[in-house]
Amino acid sequence: MDVTNGLLAGKRLMAIDLETTGFGLSEGHGVIEVARVTIDDGALGDDWTTLVRPRRPVSDGSREVHGISDGMLRDAPEPRHVAEALVAACDDLPLVVHNAPFDIPFLARLFRDADREPLVNPVIDTLGLARGLFGSGNNALGTLRLALGLPEEREHRALGDARTAARTLLALTPRWEVERGVRSIAELAAASQDVLRLSMRRGSEAPALDRRFTA
């Protein structure tokens, strides 16, 4: 992708994705896998992923989605080690997340479990970008990957989904520039979140419930 004169030229962002023990914070579920992928000057850069030791067992429904079992998490790092690594890598960079209303509260829970303040970075939601362009149909990452002709990745694991979210941003940002007149990262972040808020007010399915079916 040529970003010489585009919105992402010279910019550095961080795509984030995570997997959880279940789908409800109110039920005590938490993060069990995190990944980050650097987006630098319109290209994917270094990446990192880790499992996270949870405070409760993985639910059957969640395990069916991502395939992560309790046994795989037995020797995983504690939340504080994962939070420290994320803070060091993300700094104040804009975050790229697909379905932020699901991921960001769980990320905040991870930081609370680590006795740290949550990240307050700007967030660009690729689900909002997709809905703003394509409507409120099936905008799940796997569907977008196929529709946009993106490379295949392992779905429903944090690193594969973070890479796909990053590439989705690269594919959709030029359209938001040309078709919607967005001229800054801050405008792009605000627009992506406005789309989701509007779709929820109109009675669309709430994206925070279960990203298998609401994206």
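General observations
- Residue in segment 16-30 that is of a type in the set (A, V, I, L, M) and assigned to a helix (DSSP H, G or I) present: yes
- Unique residue being modelled with pLDDT of 95 or more, under 23 Å from residue 164 (Cα atoms) and not small (Gly, Ala, Ser) when the list is 74, 36: 36
- So residue 16, is it in contact (Cβ under 8 Å) with a residue 40 or more places away in the chain, β-branched (Val, Ile, Thr), touching a Cys at 6+ places or on another chain (Cβ under 8 Å) and buried (at least 20 other Cβ atoms within 10 Å of the Cβ): yes
- Hey, residue 84 at pLDDT 95 or above, among the charged types (D, E, K, R) and within 29 Å of residue 200 (Cα to Cα) or not: no
- Matching residues in segment 176-210 - criterion: being of a type in the set (D, E, K, R), at pLDDT 90 or above and not in a helix (DSSP H, G or I): 183
- Listed by first and then second residue, the pairs with beta-carbon distance under 8 Å, at least 6 apart or on different chains, first residue in segment 120-144 and closer than 21 Å to residue 159 by Cβ, second modelled with pLDDT under 95 and among the basic types (Lys, Arg), are 140/211; 140/212.
- On inspection, residue 153 qualifies as modelled with pLDDT of 95 or more, charged (D, E, K, R) and assigned to a loop (DSSP other than H, G, I, E, B).
- Residues of segment 39-75 satisfying the condition of being of a type in the set (Ser, Thr, Tyr) and crowded, with 16+ Cβ neighbours inside 10 Å: 49, 50, 59, 62
- Single residue of 147, 162, 158 found to be more than 16 Å from residue 8 (Cβ to Cβ), without any contact (Cβ under 8 Å) to a residue 60 or more places away in the chain and either buried (at least 19 other Cβ atoms within 10 Å of the Cβ) or hydrophobic (A, V, I, L, M, F, W, C) (or both): 147
- Among the conditions (1) in contact with a His (Cβ under 9 Å, 6 or more places away or on another chain); (2) surrounded by fewer than 21 Cβ atoms within 10 Å (Cβ to Cβ); (3) at pLDDT below 95, residue 142 misses just one, which is (3).
- Against the conditions (1) among the basic types (Lys, Arg); (2) touching a helix residue (DSSP H, G or I) at 6+ places or on another chain (Cβ under 8 Å); (3) over 27 Å from residue 176 (Cβ atoms), residue 63 satisfies every one except (2).
The values are calculated or read from the model by the stated rules, or taken from the named source; none is laboratory data. Remember, it's a predicted structure, so these values are computed and weren't measured experimentally. Virtual Cβ from ideal backbone geometry, glycine too; neighbours counted across all protein chains shown.
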